[in-house]
Amino acid sequence: MSDNSNRDVQPSCATPVTRPRVITLAHGSGGRIMHDLIQDVFIGAFGGQEKAQRHDGAVLDMATERIAFTTDSYVVDPLFFPGGDIGKLAVCGTVNDLAMCGARPRWMSVAFILEEGLQIKTLERIALSMRDSADHAGVSLVTGDTKVVEKGRGHKVFITTAGIGSIDHGLVISPDRIRAGDAVVLSGDIGRHGIAVISSRQGLSFETEITSDCAALGNPVMALLEAEIEIHCMRDLTRGGLATSLVEIAESANMGIQIAESRIPVSQPVRAACELLGFDPMYVANEGRFVAFVPQTQADQALSILRTHGNSQGAELIGEVTGNMPTGVTLLTSLGTQRPIHMLSGEQFPRIC
Amino acid sequence: MKFIDEYRDPKSVTLYADVISKATTRPWSIMEICGGQTHAIVRSGIDQLLPPSITLLHGPGCPVCVTPAESIDKAIALASRDDITLCSFGDMIRVPGSTQDIASAKALGADVRMVYSPMDALEIAATNPDRKVVFFAIGFETTAPGNAAAVAEAKRCGIRNFSLLTSQFLVPPAIEAILSSEGCTVQAFLAAGHVCTIMGYDEYEPIAQRYRIPIVVTGFEPLDIIQGIAMAVLQLEQGTTTVENQYVRAVRREGNPSAKALLKEVFEAADGLWRGLGVIPASRLRLRDEYAAFDAERKFDVKTVAAESHSPCVSGEILKGRLKPSDCPEFGIHCSPEHPLGATMVSSEGACAAYYRYRAVRK
């Protein structure tokens, strides 16, 4: 029986009316229904976390001089895809942005824009996924907001998260810190998130299911810092993929980076899907991968550390910083030829033939 | 990956590069017809493995590039109607017409769906009987049978709210147009393997004879392409002018008879306007009268629009092999994938876009 069947219940005196468990405009009204939603769904999911109190804001105790602060919005379609969902993405994405600053992720806010008609059980599933991801990443969801828009004026759920992390070391991690000779370490195989989402969205199926790499990167990054790896720069690979991240870093630093095609890990199913769709995996989105620029003398140690963590087990040394003549990113192809890597003009589209 | 890695094996590629080096005694200019081949050559750097006396010229075989702005304008005009849903392949969405691209029309409210196959568009028509669904059928002989199959299926099932806006081209007339153009420097062709998978290659034999030129039907992987170049160079050095088939794992001389029969049933040849090349006789596939009910141009009153404005673009010269993208003074300066001036920059498989993406660019 569907939830909507409850609409047929007649409002007689003795029988209490059970409302359909879908989001209505009343859930954003500021009244009792909204408070009940927050209590049942969000406090229910996040309540075990220390600061999840019903207040206008969260009061945080910081015992650190430097913090990192970031924000990001999530509008993924579909909401659930192999290897993740919008909730996990919203936590991991913000955790990863903090981690890339060398910060230990500590606190996070979350704002939902819900479309009228969304099933509440869908929202519950997302909230619980956020809670799991936050627990795993060691971050607390401390404050939040909910708004409801009319049906057709949103897409089920949009989430915005912001995060604060503490910086407990003296390193400055930034593109302008990269030096000639630095090793470029990639934390694992690329392209899984983009292919998982597009397969799920378009109903494409492959022999082996491709799951998103969506994961929080705080733990492997903290492990590198604790081992006193002198990280010069880090970047998580999101939209635009590995190629775009490296080009951004090379342009910011005005340096040259050379990477070898044969060293870049791409799983067989992702390669096959990219061949089929005419995509270049170097430009396909990731949600749990990063590149780190470290001194060549610490490259092996950094690789060993990363390979002890579940989501960076497949870490590889893919290239090095070549200096400032020429600048930009160069790919050494498997055939031994070279070509520059540029940013794409827009998103990749499947080719016609 | 089986059937991929073998054809990207560096040792085998080097072997053919050596064959070419040893065989070459003088300069030769070879044109690859297909945009997919251009893309593969520039992406894997095959031209870097060739002796400097071999010049690769990049032909007009990119369907997105050669689709005239007028066709895109018609697609936009159709999509902008309240009752029409326009279905298109993804890489057509960003290609500029005279005034805007399909993506902009979509942003302004046109109902545009990106599909992977004409059958997806037919499915949309079948499940949305209140919408008039137009599929933007672009491409060469490779994609045209799929379009024909969709129309034939629509007729069989009585799906009357489905139609095609066609911009489909034929390769052999374009080869002949290039060979008979003034100042043609092309000495051998790599024919497009996928086109020949459908059509076979017997129709290329009279062209090879008439113009005394070697033609090698070639695949798309680096090893295919370098082997195709080696076969062309060996013919040029030996003075032979035959049609050879490098892509034997996919292409038979007679092609795919079922696909050819379907093409003949649904489409007929007509004079065609190519972006960058102009009108080429009998180079376009349009719907036959028996299928007029599925021809969007005949079904709807599509307004004709202004012709392409004058532009400094030299894509016509590039598509004929007379210039390279890097010879153009606008390349990378006033012309880029974000702001294309003409045919060869508008699609990722156009020669200028491939050079822009895979080569150092003046900015």
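Annotations
- Scanning the stretch A:294-326 for residues that are within 26 Å of residue A:251 (Cβ to Cβ) and exposed (fewer than 15 other Cβ atoms within 10 Å of the Cβ) returns A:296, A:323, A:324, A:325, A:326.
- Flag for residue B:291 being in a loop (DSSP other than H, G, I, E, B) and buried (at least 21 other Cβ atoms within 10 Å of the Cβ): no
- Test set (1) closer than 23 Å to residue B:26 by Cα; (2) surrounded by 13 or more Cβ atoms within 10 Å (Cβ to Cβ) - residue B:239 fails condition number: (2)
- The single condition among (1) surrounded by fewer than 23 Cβ atoms within 10 Å (Cβ to Cβ); (2) touching a residue at least 24 places away in the same chain (Cβ under 8 Å) that residue A:187 does not satisfy is (1).
- Residue selected from the stretch B:344-358 under the condition touching a strand residue (DSSP E or B) at 6+ places or on another chain (Cβ under 8 Å) and of a type in the set (A, V, I, L, M), by the criterion farthest from the other protein chains (Cβ to nearest Cβ): B:351
- Unmet requirement for residue A:163, which otherwise passes all of (1) small (Gly, Ala, Ser); (2) touching a Pro at 6+ places or on another chain (Cβ under 8 Å); (3) surrounded by fewer than 18 Cβ atoms within 10 Å (Cβ to Cβ); (4) not assigned by TED's automatic domain parsing to the domain that holds residue A:243: (3)
- In the stretch A:118-141 there is no residue matching the filter, namely being surrounded by fewer than 19 Cβ atoms within 10 Å (Cβ to Cβ), under 25 Å from residue A:306 (Cα atoms) and not assigned by TED's automatic domain parsing to the domain that holds residue A:31.
- Filter result for residue A:61 (free of Cβ contacts under 8 Å to residues at least 12 places away in the same chain, over 17 Å from residue A:132 (Cβ atoms) and not in a strand (DSSP E or B)): yes
- Which numbered condition residue B:26 misses (of (1) at pLDDT 95 or above; (2) within 26 Å of residue B:319 (Cα to Cα); (3) facing chain A (nearest Cβ under 9 Å)): (3)
- Residue within the stretch B:330-349 that is surrounded by fewer than 23 Cβ atoms within 10 Å (Cβ to Cβ), acidic (Asp, Glu), assigned by TED's automatic domain parsing to the domain that holds residue B:171 and at pLDDT 90 or above present: no
- Among (1) under 22 Å from residue B:318 (Cα atoms); (2) in contact with an Asp or Glu (Cβ under 7 Å, 6 or more places away or on another chain); (3) within 12 Å of chain A (Cβ to nearest Cβ) - the single one residue B:7 does not satisfy: (1)
- Of all residues in the stretch A:167-184, those that are surrounded by 19 or more Cβ atoms within 10 Å (Cβ to Cβ) and farther than 26 Å from residue A:243 by Cα total 1.
- If you go through the stretch A:52-75 and keep only what is closer than 12 Å to residue A:110 by Cβ and at pLDDT below 85, you end up with just A:52.
- Residue within the stretch B:326-341 that is more than 14 Å from chain A (Cβ to nearest Cβ), in contact (Cβ under 8 Å) with a residue 60 or more places away in the chain and not in a loop (DSSP other than H, G, I, E, B) present: no
- When we screen B:254, B:297 for residues that are among the acidic types (Asp, Glu) and crowded, with 18+ Cβ neighbours inside 10 Å, the only hit is B:297.
- Exactly one residue out of B:37, B:48 is within 14 Å of chain A (Cβ to nearest Cβ), under 30 Å from residue B:185 (Cα atoms) and out of contact with any helix residue (DSSP H, G or I) (no Cβ under 9 Å at 6 or more places or on another chain), and it is B:48.
- Taking strands (runs of 3 or more DSSP E) as the structural unit, those lying wholly within the stretch A:253-353 and holding at least 1 residues that are more than 14 Å from chain B (Cβ to nearest Cβ), over 30 Å from residue B:226 (Cβ atoms) and at pLDDT below 95 correspond to A:316-323.
- Failed item in (1) modelled with pLDDT of 95 or more; (2) touching a strand residue (DSSP E or B) at 6+ places or on another chain (Cβ under 9 Å); (3) within 25 Å of residue B:37 (Cα to Cα); (4) surrounded by fewer than 16 Cβ atoms within 10 Å (Cβ to Cβ), with residue B:270 passing the rest: (3)
- Close pairs from the stretch A:254-269: first on the phi < 0 side of the Ramachandran plot and touching a residue at least 24 places away in the same chain (Cβ under 8 Å), partner of a type in the set (Phe, Trp, Tyr) and not in a helix (DSSP H, G or I), Cβ under 7 Å, at least 6 apart: A:269/A:206
- Yes/no for residue A:244 being of a type outside the set (Gly, Ala, Ser) and in the same structural domain as residue A:134 (by TED's automatic domain parsing): no
- Residue selected from the stretch A:262-289 under the condition buried (at least 20 other Cβ atoms within 10 Å of the Cβ) and of a type in the set (D, E, K, R), by the criterion nearest to the chain's Cα centre (by Cα): A:287
- In summary, helices (runs of 4 or more DSSP H) completely within the stretch B:190-264 and bearing 2 or more residues that are under 19 Å from the mean Cα position of the chain (by Cα) and under 16 Å from residue B:171 (Cα atoms) occur at B:193-199.
- Taking each residue of the stretch B:274-286 that is closer than 15 Å to residue B:346 by Cα and looking for partners that are modelled with pLDDT of 95 or more and of a type in the set (Asp, Glu) with beta-carbon atoms closer than 8 Å, six or more apart or interchain, yields nothing.
The values are calculated or read from the model by the stated rules, or taken from the named source; none is laboratory data. Every value quoted in this text rests on a predicted model; they were computed, and no experiment measured them. Virtual Cβ from ideal backbone geometry, glycine too; neighbours counted across all protein chains shown.
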